[in-house]
Amino acid sequence: MNYEEIRNYWEGRAAGDNTAQSTTQDIFLREIELDVLKNKVKRYAPSSVADVGCGDGRTTFGLASVFEAVRFFGFDYSLSMIGNAKTIVDNDAKNIVFSQSDICNGLIDNFDLIYTTRCLINLPSWDLQKKALINIHNALSDKGIYLMIENFVDGQNNFNNIRKDFGLSEIPIRDHNLYFERENLISFACDFFNIEEEINISSTYYLVSRVIYSKICDDSSVTPDYFDKHHQYAAGLPFCGEYGPVRLICFRKKVLA
Ligand SMILES: C[S@@+](CC[C@H](N)C(=O)[O-])C[C@H]1O[C@@H](n2cnc3c(N)ncnc32)[C@H](O)[C@@H]1O
């Protein structure tokens with residue numbers, strides 16, 4: 001899919017749905033991401049935070065309601081997503097502002113911390129992804145933090161290899177997504193950022209939900225259900241291995257000469 005088709009895809013999803021599954025069907029994966037972000041916001045203690053590609057704002061609100069003294073800004077290029085965010089999020093939340101913005105066109109302001117949760121994988125080329133990373137770098141205050149929670153082909157291939165060993169079919173990358181290749185990303189990003197930490201936050205979750213639970217479903221000819229208790233259970237387990245697509249990389253902005 002090209003850039004416009006992907007944008008229309010998100011507009012369409014938001015226009016037809018303001019439930020918890022409008023930005024992802026995998027709601028327990030989003031719970032994992034929210035927990036990880038809570039820990040990091042606590043640790044880095046920023047004054048201002050930008051959620052780039054905030055969707056319907058559920059994660060933004062999950063953080064803003066815990067860190068009431070921090071100012072949160074949710075940006076998304078889909079007007080319908082921003083519309084949903086404004087209706088879903090508690091009107092009493094005084095520390096959040098949502099606005100329409102495309103990361104490819106840059107961001108205003110100097111944020112102490114910026115995060116993305118599965119946003120940049122919706123840009124259809126590596127060139128656009130690099131542009132977005134540079135725009136994130138430019139929008140951070142000196143030594144600001146970028147928490148990148150995005151999907152990588154490396155972890156995707158690893159869990160699909162195990163699925164194959166279990167006699168399960170490969171789960172393909174969706175047409176509107178372009179996953180990162182870790183080595184490429186790191187060699188580009190190291191000119192702009194230092195890496196503080198890197199964790200595969202989806203490995204345990206995928207091993208349980210996309211391998212073991214999938215195998216149970218396959219053996220009993222049942223369609224897997226995102227709300228199944230295996231997903232819920234897996235979301236509470238410690239992180240281990242490299243068997244899931246979604247990883248967190250904590251980048252600290254390098255101040256360029
Ligand atoms: C998979 S959803 C994730 C939404 C949210 N981060 C979450 O975790 O629930 C991806 C979001 O990124 C947004 N997005 C994609 N490309 C964007 C861009 N260039 N600028 C701003 N938002 C974008 C989409 O509209 C969509 O809401």
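For the pair Arg43 and Glu197, how long in nm is the line joining their label points, each one 7 Å along Cα→Cβ?
0.1 nm
Based on Cα coordinates alone, diagonalise the gyration tensor for the stretch 111-257, multiply each eigenvalue by 5, take square roots, and list the semi-axes in whole Å, largest first. Working shown, then result.
Values: eigenvalues 212, 47, 31 Å².
Square roots of five times the eigenvalues give 33, 15, 12 Å.
Alpha carbon centre of the stretch 1-62 versus the stretch 197-257: separation in Å?
Here the two parts' Cα centres lie 17 Å apart.
Which residue fluctuates the most in the chain, going by a Gaussian network model with Cα springs under 10 Å, if the choices are Glu242, Glu170, Glu33?
The residue that fluctuates most here is Glu170.
Report the paramagnetic label zone for Asp225: residues of the stretch 191-207 whose backbone N is under 20 Å from a point 7 Å from Cα along the Cα-to-Cβ axis.
What the label zone holds, given the 20 Å backbone N cut-off, is 206.
When only alpha-carbon atoms count, how far does the chain stretch along each of its three principal axes, as whole angstroms with the largest first?
Largest first, the chain extends 54, 41, 37 Å along its Cα principal axes.
Given C-alpha coordinates of the stretch 75-173, what is the ratio Rg to Rh with the Kirkwood estimate of Rh?
On the Cα set of the stretch 75-173, Rg over Rh gives 1.08.
Expressed in nm to one decimal, what extension gain is obtained for the pair Arg174 and Cys104 from 0.36 nm per residue of sequence separation less their Cα-Cα distance? Mind dumping the intermediate values first?
Values: separation 70, 0.36 × 70 = 25.20 nm, distance 2.11 nm.
Value of the extension gain: 23.1 nm.
Report the full-extension gain for the segment Lys254 to Glu181: residue separation times 0.36 nm, less the Cα-Cα distance, to one decimal in nm.
Result for the pair: 24.1 nm of gain on full extension.
Taking only DSSP H segments of four or more residues, each worth -39500 (n - 2.57), what value at 222 nm results for the chain once the sum is divided by all its residues, to the nearest 500 deg cm²/dmol?
Details: 10 runs with 102 residues, N = 257.
Theoretical 222 nm ellipticity from helices: -11500 deg cm²/dmol.
When the gyration tensor of the stretch 27-88 is built from Cα positions, what are the square roots of 5 times its three eigenvalues, in whole Å, from largest to smallest?
Computed over the stretch 27-88, the values are 19, 14, 9 Å.
Which FRET efficiency value, to the nearest 0.05, do you get for Asp165 and Ala69 by plugging their Cβ-Cβ distance into 1/(1 + (r/R0)^6) with R0 = 41 Å?
So the FRET efficiency works out to roughly 0.25.
Which whole-number percent is the relative contact order of the chain (Cα, under 8 Å, 6+ apart)?
20 percent
So if I take the alpha carbon set of the stretch 1-117, get Rg, then get Rh from the Kirkwood formula, what is the Rg over Rh ratio?
Result: Rg/Rh = 0.95.
Identify the residues of the stretch 30-55 with backbone N under 20 Å of a label point that sits 7 angstrom from the Cα of Leu237 along the Cα-to-Cβ direction, or state none.
Once the point is set 7 Å along Cα→Cβ of Leu237, 30-36 turn out to lie under 20 Å by backbone N, inside the stretch 30-55.
What lysines sit close enough to Lys42 to cross-link, taking a C-alpha to C-alpha distance under 22 Å and skipping anything fewer than 8 places away on the same chain?
Cross-link targets: Lys94, Lys143, Lys253, Lys254.
Scan the chain and hand back the longest stretch that contains none of the trypsin sites (Lys or Arg not before Pro) lying in DSSP loops with at most 15 other Cβ atoms within 10 Å.
It works out to 1-93.
So which chymotrypsin sites (Phe, Trp or Tyr not before Pro) in the stretch 155-204 end up in coil per DSSP with only 15 or fewer other C-beta atoms within 10 Å?
Phe166
Starting from the Kirkwood Rh over alpha-carbon pairs, what translational D in µm² s⁻¹ does the stretch 207-257 have by Stokes-Einstein at 4 °C and 1.567 mPa s?
Numbers: Rh = 13.5 Å.
Answer from the Stokes-Einstein relation: 96 µm²/s.
Share of antiparallel DSSP beta bridges in the chain, in percent to the nearest 5?
Bridges in the chain that DSSP calls antiparallel: roughly 40 percent.
We did not get these values from a lab; they are worked out from the coordinates using the rules stated. Since the structure is predicted, the reported quantities are computational estimates derived from the model, not experimental observations. Every residue, glycine among them, receives a Cβ derived from its backbone with ideal geometry; neighbour counts consider all protein chains shown.
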